[in-house]
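Comments concern the structure below.
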Amino acid sequence: MNYTIVTMNEIALDKLKAFTDKFIGQNYYVDSDFRKMLKLSTDSMGMVSFVALNQKEEIVGIRITLLPGKLTENIDSKFLSMNKWSTDVESVAYFKSLFVHSAYQNKGVGRALTEKSLEELKKRNTKAVVVHSWLESPGNSSSQYLKAMGFAEVKVHPLFWAHVDYLCSGCKVKPCVCTAVEMIKYL
Ligand SMILES: CC(C)(COP(=O)(O)OP(=O)(O)OC[C@H]1O[C@@H](n2cnc3c(N)ncnc32)[C@H](O)[C@@H]1OP(=O)(O)O)[C@@H](O)C(=O)NCCC(=O)NCCS
């Protein structure tokens with residue numbers, strides 16, 4: 001399957017929103033969120049968040065990644081088990097969202113997007129990446145995928161997304177009742 005990977009800032013916000021509305025949930029991200037994500041994933045060396053495009057230049061996957069030291073600007077520390085991590089928070093990056101279009105799953109797109117982010121993070125001496133895996137993702141693809149990518153479970157956090165004012169594509173209720181599994185990968 002042919003696809004190209006570009007940095008997230010190369011894609012118009014309305015295109016990003018149409019994709020995340022469909023695959024994550026209506027209004028999970030609004031334009032101001034994307035602007036914040038772009039800021040938290042860009043430094044003088046460039047950007048660590050990526051988008052996969054098919055030959056028609058349609059989005060088929062998105063990998064939003066926050067630079068090391070930025071996760072507490074976006075995630076409430078009650079959902080971060082820093083005492084269980086064997087590295088300091090300033091050296092830890094965050095995998096915010098990864099979604100692959102349902103028709104393009106299991107073809108290596110998710111792995112390729114993640115590997116692009118990891119390559120960039122390693123250049124910045126990142127020691128670990130934390131992620132909140134979506135337990136109710138279809139077939140628990142999220143945890144299966146993350147385990148395949150070398151992540152290990154740290155802690156289960158019920159109602160992780162309940163504070164976000166959006167309609168979840170998984171549970172389809174407001175507020176969202178889905179559960180997150182905090183996971184970590186040391187680089
Ligand atoms: C999770 C997701 C991003 C994976 O993307 P993908 O492009 O389908 O994954 P890939 O084809 O790159 O697979 C990468 C690895 O994960 C494994 N994997 C992916 N989906 C899997 C599943 N449903 N069950 C078991 N393993 C799975 C693959 O076997 C592969 O391992 P390998 O390379 O060692 O063979 C995609 O299924 C998705 O968008 N799911 C819904 C949203 C979601 O759960 N996002 C994560 C939120 S934290």
Filtered residue count, segment 143-160, keeping only those that are open to solvent by 50 Å² or more (accessible area, probe 1.4 Å), in a helix (DSSP H, G or I) and not polar (S, T, N, Q): 3
Filtered residues of segment 40-56 (kept if in contact with a helix residue (DSSP H, G or I) (Cβ under 9 Å, 6 or more places away or on another chain) and open to solvent by 60 Å² or more (accessible area, probe 1.4 Å)): T42, M45
Count of residues meeting criterion [surrounded by 21 or more Cβ atoms within 10 Å (Cβ to Cβ) and modelled with pLDDT under 95] in segment 111-139: 1
Qualifying positions in segment 63-107 - near the ligand (Cβ under 9 Å from one of its atoms), among the basic types (K, R) and more than 24 Å from D43 (Cβ to Cβ): K107
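Being open to solvent by less than 50 Å² (accessible area, probe 1.4 Å) and among the charged types (D, E, K, R) is the requirement here; does R63 meet it?
For R63, the condition - open to solvent by less than 50 Å² (accessible area, probe 1.4 Å) and among the charged types (D, E, K, R) - is met.
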For S32: the one exception among (1) farther than 13 Å from K96 by Cβ; (2) touching a residue at least 12 places away in the same chain (Cβ under 8 Å): (2)
Close pairs (8 angstrom Cβ cut-off, 6 or more residues apart or separate chains): under 13 Å from S133 (Cβ atoms) and of a type in the set (A, V, I, L, M) in segment 87-103, open to solvent by less than 50 Å² (accessible area, probe 1.4 Å) and not in a strand (DSSP E or B) anywhere: L98/G110; L98/L113; L98/T114
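The values are calculated or read from the model by the stated rules, or taken from the named source; none is laboratory data. This one's a predicted model, so the numbers in the text were calculated from it and none came from an experiment. In this analysis, Cβ positions are derived from the backbone assuming ideal geometry, glycine residues included, and neighbour counts consider all displayed protein chains. Ligands, DNA and RNA are excluded from the accessible area calculation, which covers all protein heavy atoms including side chains. Shrake-Rupley method; radii C 1.70, N 1.55, O 1.52, S 1.80 Å.
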